[in-house]
1. Going through segment A:118-138 one residue at a time, which ones are charged (D, E, K, R) and within 10 Å of another protein chain (Cβ to nearest Cβ)?
2. When you look at B:PHE192, is it more than 30 Å from A:ASN111 (Cβ to Cβ), hydrophobic (A, V, I, L, M, F, W, C) and at pLDDT below 95, yes or no?
3. If you go through segment A:164-190, how many residues are more than 16 Å from ligand 2 (Cβ to nearest atom), surrounded by fewer than 24 Cβ atoms within 10 Å (Cβ to Cβ) and away from every other protein chain (no Cβ under 13 Å)?
4. Quick check: anything in segment A:97-118 away from ligand 1 (no atom under 16 Å from the Cβ), at positive phi and free of Cβ contacts under 8 Å to residues at least 12 places away in the same chain?
5. Limited to segment A:145-163, what total is found for residues that are within 11 Å of chain B (Cβ to nearest Cβ) and among the aliphatic types (A, V, I, L, M)?
6. Identify all residues within segment A:74-91 that are out of contact with any helix residue (DSSP H, G or I) (no Cβ under 7 Å at 6 or more places or on another chain) and over 15 Å from B:ASN123 (Cα atoms); write none if there are none.
7. Looking at segment A:14-92, what strands (runs of 3 or more DSSP E) fall wholly within it and have at least 2 residues that are away from ligand 2 (no atom under 16 Å from the Cβ) and surrounded by fewer than 19 Cβ atoms within 10 Å (Cβ to Cβ)?
8. Which residues, counting only those in segment B:79-125, are more than 14 Å from every other protein chain (Cβ to nearest Cβ), small (Gly, Ala, Ser) and free of Cβ contacts under 8 Å to residues at least 40 places away in the same chain?
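The values are calculated or read from the model by the stated rules, or taken from the named source; none is laboratory data. The shown structure was predicted, so the numbers you read here are calculated from the model rather than taken from an experiment. Every residue, glycine among them, receives a Cβ derived from its backbone with ideal geometry; neighbour counts consider all protein chains shown.
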Amino acid sequence: MNAADGTSARATTPVVEIRGVDKWYSTFQVLKGCSLSVARGEVVVVCGPSGSGKSTLIKCVNALEPVNTGDVLIEGTSITDGKASLSKLRARVGMVFQHFELFPHMSVLENLCIGQEKVLKRKSEEARDKAMGLLARVGMTAHAGKYPLQLSGGQQQRIAIARALAMDPIAMLFDEPTSALDPEMITEVLDVMVSLAQEGMTMMVVTHEMGFARKVADRVVFMDRGEIVEDTPKARFFEDPQSDRAKAFLSKILSH
Amino acid sequence: MKGWHWDGFFEYLTNGYLIEGALVTLGLTVFSIFFGLILGFVIAVMRMSKYKLLSAPAYFYTWIMRGTPLLVQLIIIYTGLPQLGIKFTVVESTLIGLTLNEAAYLSEIVRAGIAAVSRGQVNAARAIGMTPFQVMRYVVAPQAFRIIIPPLGNSVNGVLKTTSIASIISMEELLRRTQVLIQERFLVLELFVVAAIYYLIMTTAWEFIQRRIERRFGRAYDPQAGLVEQR
Ligand SMILES: Nc1ncnc2c1ncn2[C@@H]1O[C@H](COP(=O)(O)OP(=O)(O)OP(=O)(O)O)[C@@H](O)[C@H]1O
Ligand SMILES: [Mg+2]
């Protein structure tokens, strides 16, 4: 491949592109014609009322949930056409969950190494070095030998972020990463996410932490009843939301 | 012959022929639990499949095996099948019968264990790019195993005693050998007490082993453990 072509193609192809996705759970339509794209280095915050389909949308991005119609492209590769290996595609997109989902039977270090060794086939020393570097970065070096359930929620979530980063992802998906945390632990997790964003990581973040959105988001996406109601630059979303539904939502979450 | 004979009791307590019988009982148990667990795992996975073609036969299998007595199954295998030209020795029949029967019960235990591992754990494993096999191997199975240790331990205890049923088809395990020795001096009570003691020793030893296994696999879930043995 020609180097110049490669860079220009990479620059213009969105890292994540959701195209007209519909999804049903049996007879209930959860997603209605959702389209959204996230460019390289962009941080997109997704918000909306409970049950609006945010988690479902983000799970469709790495095919944890199959879509019924429409398509999702990761760096231009379709997840629905059956040509690409889904596990390979997923390995390239990091995901952080509301309830951390660290593997409880493995030590912190093992949590960070398992994917590197079994999926990326890295040598165990290489995986270990990488893991220790990431643990240092999230301030968890001292806890490498502990088990997840021996740590606080905030610590577990930072490790979960490190586990995702260990795979060298091209993008990170977050599904309400701080909403299961005690208030005093939210900051330590958000700090890690802010620094990731500032380093240029491509991120799609479902969160109601509007402070985070104001600080690092490029765009805010507002969802309601399975639809993407608003997809606007951050400033405009906060100053002048277009839809009544977004206005109502904003006034509700900003009032407390 | 009336009264309790201590000499006979102690003689039988250290009788090599009986000890061998107890070892056979132990062997039958280890074999049928080991292979029963493998087969039970396969049946459990089939049973949980969304494809009827897999789940229906698995359901049918457990229905038959759990709905009929082991004794009847053993007699069918050993005495009935030869009628169709399928012949197994006593040992083969016993191993097959015990394993097939136990697999049905163990599959239910395994299924409950797998089901107890949360959807979130499966998604986390898939999200880092694991294949379905890897998800099972590294994330679901180890967690399911910890959950099934107590019921699995119960099964081991049960099988240790259930093997005695194979004495009916003249499998030379502990009970059969006890019965054989009765012909010697007709010390019925002494002999059966000895047999009971052997069973008790085996089930008690297992209880200790099970507790150790539980502790080993429970380490990660004990909030104190990691703080004590910091690496
Ligand atoms: N596996 C499922 N089967 C059936 N319905 C589901 C399933 N998962 C989610 N739903 C429904 O789909 C809708 C959207 O769910 P989703 O979890 O995507 O919402 P959300 O925006 O993430 O909400 P929250 O803020 O509460 O996390 C909800 O009405 C939910 O009840
Ligand atoms: Mg959600």
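1. Looking only at segment A:118-138, we keep the residues that are charged (D, E, K, R), and these are A:118, A:121-123, A:125-126, A:128-130, A:137.
Listed by number, the list holds a single entry, A:LYS118.
2. Details: more than 30 Å from A:ASN111 (Cβ to Cβ): yes; hydrophobic (A, V, I, L, M, F, W, C): yes; at pLDDT below 95: yes.
Answer is yes for this residue.
3. 8
4. Residues of segment A:97-118 that are away from ligand 1 (no atom under 16 Å from the Cβ), as a first pass: A:102-118.
Going one step further and asking which of them are at positive phi, we end up with none.
There is no residue in segment A:97-118 that is away from ligand 1 (no atom under 16 Å from the Cβ), at positive phi and free of Cβ contacts under 8 Å to residues at least 12 places away in the same chain.
5. Pass one, segment A:145-163, residues within 11 Å of chain B (Cβ to nearest Cβ): A:145-151, A:160, A:163.
Checking which are among the aliphatic types (A, V, I, L, M) leaves us with A:149, A:151, A:160.
Within segment A:145-163, residues that are within 11 Å of chain B (Cβ to nearest Cβ) and among the aliphatic types (A, V, I, L, M) number 3.
6. Matches in segment A:74-91: A:GLU75, A:GLY76, A:SER78, A:THR80, A:ASP81, A:GLY82, A:LYS83, A:ALA84, A:SER85.
7. Numbers: elements: A:16-25, A:28-38, A:43-47, A:69-74.
In segment A:14-92, the matching strands (runs of 3 or more DSSP E) lie at A:16-25, A:28-38, A:69-74.
8. The answer is B:GLY80, B:GLY85, B:ALA112.
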